[in-house]
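Enquirer: Input: one structure, supplied below.
The values are calculated or read from the model by the stated rules, or taken from the named source; none is laboratory data. Since the model is a prediction, treat every value here as computed from it, not as a measurement. Surface areas here come from the heavy atoms of the whole protein model, side chains and all, with no ligands, DNA or RNA. Shrake-Rupley method; radii C 1.70, N 1.55, O 1.52, S 1.80 Å.
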Amino acid sequence: MDDTNNDPVLARLDRLTDSVTRRLDKLEERLRILEQDNGEIINLLIAVKAGLEECAGEIAVGEMLIDAEDADDCPSPSLH
């Protein structure tokens, strides 16, 4: 014979235990989803950073080319 059916306190404890277990399972699932989302966000940020570094490199090369063109346009100092 099952004592939980005869004892309302034990029956209530069983229901509470089941309820807590279900809530913990839901929390674990939410944490897994958040971890997955965070991983995707990190990957996107890494890609953005790489793109920005590439653009910064292109800008630096462009500035060097402009500076070289400006140096060609300037008259060289006379040694006389």
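Enquirer: Does residue 73 count as open to solvent by 80 Å² or more (accessible area, probe 1.4 Å), modelled with pLDDT under 95 and among the acidic types (Asp, Glu)? Even if it seems obvious, please write down each step before you answer.
Expert: On the way: open to solvent by 80 Å² or more (accessible area, probe 1.4 Å): yes; modelled with pLDDT under 95: yes; among the acidic types (Asp, Glu): yes.
When the stated conditions are applied, residue 73 passes them.
Enquirer: While we're looking at this one, here's another question. Looking at the range 15-42, which of its residues are among the polar types (S, T, N, Q) and open to solvent by 100 Å² or more (accessible area, probe 1.4 Å)? Talk me through it step by step, then tell me what you get.
Expert: First, pick out the residues of the range 15-42 that are among the polar types (S, T, N, Q): 17, 19, 21, 36, 38.
Answer for the range 15-42, where residues must be among the polar types (S, T, N, Q) and open to solvent by 100 Å² or more (accessible area, probe 1.4 Å): just 36.
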